[in-house]
1. Per the Cauchy relation, a quarter of the hull surface: what is the mean projected area of the convex hull of the alpha carbons in the stretch 82-128, in nm²?
2. Rounded, prolate or oblate, given the Cα gyration tensor of the stretch 1-102, with a/c below 1.5 counting as rounded?
3. Take the Cα coordinates of the stretch 53-122, assign each an equal point scatterer, and use the Debye formula without solvent to give log10 I(q)/I(0) at q = 0.12, 0.20, 0.26 Å⁻¹.
4. Using alpha carbons only, what's the Rg to Rh ratio of the stretch 71-170 with Rh from Kirkwood?
5. If you take every DSSP beta bridge whose two residues both sit in the stretch 46-158, what share of them, in percent to the nearest 5, is antiparallel?
6. Note down the Stokes-Einstein diffusion coefficient of the stretch 102-156 in µm²/s, whole number, using a Kirkwood radius over alpha carbon pairs, 20 °C, and 1.002 mPa s.
7. Whenever you get a sec, compute what percent of the accessible area on the stretch 46-170 sits on carbon and sulfur atoms (1.4 Å probe).
8. Mind checking which of ILE12, TYR80, ALA154 is farthest towards the positive end of the chain's charge dipole, using Cβ charges of +1 (Lys, Arg) and -1 (Asp, Glu) about the Cα centre?
Amino acid sequence: MEKHNSIRPCMIWQGVTSHPDDTKRIGVRLGQSAQRGDFFAFCGPLGAGKTTLIQGFAEGFAVGNDEYIRSPTFTLVHQYRGKHPLYHFDFYRLSHWSEAQDIGFTDYLDGSGVVVVEWADRFPQLWPAERLEIHMKILPAGGRSLYLRAYDAAYARFIQHLPCEVHVQR
């Protein structure tokens, strides 16, 4: 598999949320701008808020209120109906990138929907070159640090719609 780690991001955003509702609001904004074919890599430790952010994303992406967004830790993938199909993966339980391929992960990158991956940092070799990376950390005071990197100018639109905490263009 080809790695894309040497490519530099075209835009970076940093922010801090102090409450899960704030994290969810960031997700709503990302989901509102998502389009068919977009790829989102969610990275961070257990409890960092990846699923909370994706719940907001799904809300902004017009996934119905009757759908409860939960991490697909055991099923590995959930599909939701929004503006387009939303494919939600979780790589937490996978031990090798080939297991993602065994469940057809690369087939979901065909552009028919939007792909969001929790624990994506386990297998960066599966990431497309054009993507939005969302790195999350738990802060000592209990808040969350978010660090977004847009790879490709098309993904800069996500960062441009976020509040200007730190907004660096390269």
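1. Working: hull surface 12.8 nm².
That works out to 3.2 nm².
2. Numbers: a/c = 1.40, a/b = 1.15, b/c = 1.22.
Because its axes are fairly even, with a/c under 1.5, the stretch 1-102 counts as rounded.
3. Those come out to -0.29, -0.80, -1.23, one per q.
4. 0.98
5. Values: 13 of 18 bridges.
Of the beta bridges lying entirely in the stretch 46-158, close to 70 percent run antiparallel.
6. Details: Rh = 13.1 Å.
Taking Rh from Cα pairs, D becomes 164 µm²/s.
7. Details: 2910 of 5990 Å².
Here carbon and sulfur together make up 49 percent of the probe-accessible area.
8. Result: ILE12, furthest along the dipole toward the positive end.
The values are calculated or read from the model by the stated rules, or taken from the named source; none is laboratory data. All figures in this text were calculated on a predicted structure; none of them were measured in a lab. No Cβ is skipped: glycine too gets one built from the backbone with ideal geometry, and neighbour counts run over all protein chains shown. Heads up: the accessible areas ignore ligands, DNA and RNA and are worked out on the full protein's heavy atoms, side chains in. Shrake-Rupley method; radii C 1.70, N 1.55, O 1.52, S 1.80 Å.
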